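What follows is a set of notes on a single structure, which appears directly below.
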Amino acid sequence: MMSIFNQPVVSPRATTTMDLLKMALEKDNLRVWARKLGLSEEALRTARSRGRLSPVIAGALAEDLQQDPAKWIVIAALETERESACKTRMVQRFSATESWPFLREPHAAMKP
């Protein structure tokens, strides 16, 4: 019999730039977004096949979707990093929260 205390902790899935692209594609097609952003359609197709957007494309796309560009730029930058404990921690901190302004405040553990 397994105790409720021994069950694995399931963290919410981190938000990715592919989620941002999916939101965009629900509004318009790839060709329209490429035109709006001043990109080639191939740039967005390549990003989709790689599974991540560049930070500048993510920021511009977020801005057009009335999302916080800074949040998406950070998420895109983190996606380019190699896997590590630090990356995991930062991805969880920056993408799994809805309260982005909170992240601009000093971390509670860092306060004097």
Members of the stretch 19-55 found to be assigned to a helix (DSSP H, G or I), among the small types (Gly, Ala, Ser) and free of Cβ contacts under 8 Å to residues at least 12 places away in the same chain, listed by number:
Ala34, Ser49
Hey, any hits in the stretch 77-99 for a residue that's out of contact with any Lys or Arg (no Cβ under 9 Å at 6 or more places or on another chain) and at positive phi?
no
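Look through Lys27, Lys36 and report the one residue that is more than 13 Å from the chain's Cα centre (by Cα) and either β-branched (Val, Ile, Thr) or exposed (fewer than 12 other Cβ atoms within 10 Å of the Cβ) (or both).
Testing whether each residue is more than 13 Å from the chain's Cα centre (by Cα) and either β-branched (Val, Ile, Thr) or exposed (fewer than 12 other Cβ atoms within 10 Å of the Cβ) (or both) leaves just Lys27.
Any read-out appearing in this document is the output of simple, stated calculations on the displayed coordinates, not a laboratory observation. All of these numbers come straight from a predicted model, not from anything done at the bench. All Cβ positions, even for glycine, are placed from backbone atoms using ideal geometry, and neighbour counts span all protein chains on display.
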